[in-house]
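I have placed the structure first, in the form of structure tokens, so that the comments after it can refer back to it.
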Amino acid sequence: DAKTTQPPSMDCAEGRAANLPCNHSTISGNEYVYWYRQIHSQGPQYIIHGLKNNETNEMASLIITEDRKSSTLILPHATLRDTAVYYCIVRVGQKSSGDKLTFGTGTRLAVRP
Amino acid sequence: DGGITQSPKYLFRKEGQNVTLSCEQNLNHDAMYWYRQDPGQGLRLIYYSQIVNDFQKGDIAEGYSVSREKKESFPLTVTSAQKNPTAFYLCASSLNGPTDGYTFGSGTRLTVV
């Protein structure tokens, strides 16, 4: 699986948009970009994923660059409950290759009151 | 409600003892996974299983063993051969499709004294 690079920490003000970047310059054509987050001492929670197109759901938006070498997770109106570690993961969507997620160290997002 | 259950939440064991961590899911997911997390670190894959009666080693399988006799269950045994067993252990499950997210349990914190 392609490696990802994320800043170790970020902060933003409550109510503002949080934009979390991720570099995945070695991503292959069949690899998806996934985002998870982990609130302290809990299991990670799925947020969103995408292949080429931008995606949006009730939690966040995912913007993938045209060359797919980087992406940005956007939390449009951050709340204190969004304080967590955010993981960007690239994943090969093929059973034959042993489909598994490889986690890096993520970005620790602190939302300020 | 469907979900994935890990028990117990906290576990204490004496050094040299084997201990088994439970993971049960009622989501009808094909694949199950065990991860280990150390303080301030990302998740590292221990073992995974894509179908019943089959499992593969992850990145840090030494000192651990698993079984997958039922689709719903994927217990992890931490053996006395594991040199640093104190950690936070997370179990996850997923369908085996390329775009299926992982559902994580709430974790078991194992402390070996």
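The values are calculated or read from the model by the stated rules, or taken from the named source; none is laboratory data. Predicted model only: the values in this text are computed from it and were never measured. Positions of Cβ are generated from backbone atoms using ideal geometry, with glycine treated the same way; all protein chains shown enter the neighbour counts. Note: accessible area is taken over every heavy atom of the protein model, side chains too, but ligands, DNA and RNA are not part of it. Shrake-Rupley method; radii C 1.70, N 1.55, O 1.52, S 1.80 Å.
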Legend entry - Filtered residues of the stretch B:41-58 (kept if surrounded by fewer than 17 Cβ atoms within 10 Å (Cβ to Cβ), within 19 Å of A:THR102 (Cα to Cα) and among the polar types (S, T, N, Q)): B:GLN41, B:GLN56
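Residues to consider are B:ASP30, B:ASP38; find the one that is acidic (Asp, Glu) and surrounded by 13 or more Cβ atoms within 10 Å (Cβ to Cβ).
Matching residue, one of B:ASP30, B:ASP38: B:ASP30.
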Inset, instruction - Give the stretch A:71-93 a look and list any residue that's of a type in the set (S, T, N, Q) and assigned to a strand (DSSP E or B), or say none. - result: A:SER71, A:THR72
Inset, instruction - Take A:ARG91 and decide whether it is under 27 Å from B:TYR89 (Cβ atoms), loosely packed, with under 13 Cβ neighbours inside 10 Å and among the charged types (D, E, K, R). - result: no
Inset, instruction - Being modelled with pLDDT under 95 and under 17 Å from B:LEU11 (Cβ atoms) is the filter here, so list the residues in the stretch B:54-78 that pass it. - result: none
Legend entry - In the stretch A:26-48, residue most open to solvent (accessible area, probe 1.4 Å) [restricted to those that are assigned to a loop (DSSP other than H, G, I, E, B) and under 16 Å from A:VAL92 (Cα atoms)]: A:THR26
Inset, instruction - Could you tell me which of the residues A:MET10, A:MET59 is among the hydrophobic types (A, V, I, L, M, F, W, C), over 21 Å from B:LEU90 (Cα atoms), open to solvent by 50 Å² or more (accessible area, probe 1.4 Å) and touching a residue at least 24 places away in the same chain (Cβ under 8 Å)? - result: A:MET10
Inset, instruction - Working carefully through the options A:ASN23, A:ASN53, find the one that is free of Cβ contacts under 8 Å to residues at least 12 places away in the same chain, surrounded by fewer than 20 Cβ atoms within 10 Å (Cβ to Cβ) and away from every other protein chain (no Cβ under 11 Å). - result: A:ASN53
Inset, instruction - Only strands (runs of 3 or more DSSP E) wholly contained in the stretch B:1-109 count here; list those with 3 or more residues that are aliphatic (A, V, I, L, M). - result: B:43-51, B:87-94
